[in-house]
1. Sort through TYR138, TYR147 and tell me the only one that's in contact with a helix residue (DSSP H, G or I) (Cβ under 7 Å, 6 or more places away or on another chain), among the hydroxyl-bearing types (Ser, Thr, Tyr) and surrounded by fewer than 23 Cβ atoms within 10 Å (Cβ to Cβ).
2. Confirm whether LEU114 is touching a strand residue (DSSP E or B) at 6+ places or on another chain (Cβ under 6 Å) and surrounded by 15 or more Cβ atoms within 10 Å (Cβ to Cβ).
3. Out of the residues in the range 117-128 that are open to solvent by 20 Å² or more (accessible area, probe 1.4 Å) and not charged (D, E, K, R), which is nearest to GLY84 (Cα to Cα)?
4. Could you check the range 185-241 and list, in sequence order, the residues that are among the aromatic types (Phe, Trp, Tyr), open to solvent by less than 60 Å² (accessible area, probe 1.4 Å) and not in a strand (DSSP E or B)?
5. Taking ILE175, is it crowded, with 20+ Cβ neighbours inside 10 Å, touching a strand residue (DSSP E or B) at 6+ places or on another chain (Cβ under 7 Å) and at pLDDT 95 or above?
6. Going by the conditions given, is LEU131 touching a residue at least 60 places away in the same chain (Cβ under 8 Å), open to solvent by less than 20 Å² (accessible area, probe 1.4 Å) and closer than 25 Å to MET192 by Cβ?
Amino acid sequence: MNSFHGKTVWLVGASHGLGREIARQLDREGARLVLSARSAAALQDLARELTQAKPLPMDVTDMGSVAQVARLAGTVDMVIYNAGAYEPMRTQDWDTGAALKMSDVNYNGAVRVLGQVLPDFVKAGRGDIALIGSLAGYRGLPAAIGYGASKAALISLAETMRHDLTGSGVTVRIINPGFIKTRLTDKNSFAMPQIMPPELAAGHVVAALQSRRFRTDFPRPFSWAIKLLHLLPDWLVYRSK
């Protein structure tokens, strides 16, 4: 999708942070937006500042809510799955409820949404799917119980779909940001290399959506360092201290 003008984009996870900035930039590109997130008030506020936007509140953990909003959204040209949940958690501080919530929002929610749009995309032989993953999905990292695994699952999902949908007319993209200054990363007490404002991160996302690339990882060189870690042997990464 090189041009968004006149295209209908369903943006899931639009109410705050990165999603809100993606919506603003897509609006400037001429897209018609369907905005979804749990916060109805935040979506209404955002829709009022945009040119062509329909706010449809939705809970991605509720299949009934997803199905209802998909019907209301109607035919779309692209779906961007940006919904995310995050709690920093070390294994020693295990919280089953928090881990399950992250999995349900970050991965299972994407499965629910895709189940509503993918059959129509395949039947029509066209459509764009963009999943917003994370560099944290490339290898197990400290204090990332729940979050890292759910993002790894999302990356694997995108890779499988890309294989299966080759030649179908349906485009799949995985976009993996690093640290973005949002209410989620405000929970972190550690140093976050190359953390960027959501406006800048959204620019990277929109550029990726306009390209033909399957995978976009940013920012560089932090993304290179994370991927290098992924390639290191286990004996070096997990050596005893």
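The values are calculated or read from the model by the stated rules, or taken from the named source; none is laboratory data. Bear in mind that the values here come from a model prediction, so they are computed numbers and not experimental data. Cβ atoms come from the backbone with ideal geometry, glycine included; neighbour counts cover every protein chain shown. Keep in mind that these areas ignore ligands, DNA and RNA; they rest on the heavy atoms of the full protein, side chains included. Shrake-Rupley method; radii C 1.70, N 1.55, O 1.52, S 1.80 Å.
1. Answer to the selection: TYR138.
2. no
3. That would be LEU118.
4. Selection gives PHE214, PHE222.
5. Spelling it out, ILE175 is indeed crowded, with 20+ Cβ neighbours inside 10 Å, touching a strand residue (DSSP E or B) at 6+ places or on another chain (Cβ under 7 Å) and at pLDDT 95 or above.
6. No; evaluated as a whole, the condition is false for this residue.
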